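Before any comments, here is the structure.
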Amino acid sequence: MFTPKYPTPDTPPAPAAASAGAPVPVAQTPAPASVAAVSNRPTVQLTPGSALALAAGGGAVVLVVGAVLVSLLLAVAITGMSVAVVAVVLRSILKDFDKHR
């Protein structure tokens with residue numbers, strides 16, 4: 001159930017004999033040569049201009065993320081201050097209301 005099922009490998013067809021009485025040559029597999037693996041992917045070479053552009057792009061990302069985080073922190077701080085001011089005003093109003101009763 002959990003064993004992988006591999007597709008059958010593509011093999012070239014056996015060569016047909018020119019005549020019925022001709023001997024069929026036996027295929028010999030050559031000995032594997034130690035060859036370094038060659039990648040088909042292109043190598044990336046950074047020129048001074050592209051390195052500068054990459055650094056500028058990274059700096060821009062850091063600045064944008066920092067600005068967003070600072071603005072969120074500022075929004076939380078302003079909200080907290082406004083809630084504190086409202087609490088002080090309500091306390092003052094309720095204190096004055098109790099005095100006038």
Would you mind working out the accessible area per residue for the stretch 37-101, using a 1.4 Å probe, and quoting it in Å²? 93 Å²
Fraction of accessible area attributable to carbon and sulfur, the stretch 39-101 (%, probe 1.4 Å): 75 percent
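The values are calculated or read from the model by the stated rules, or taken from the named source; none is laboratory data. None of the values given here were measured: they were computed from a predicted structure. Please note that ligands, DNA and RNA were not included when accessible areas were found on the heavy atoms of the full protein model with its side chains. Shrake-Rupley method; radii C 1.70, N 1.55, O 1.52, S 1.80 Å.
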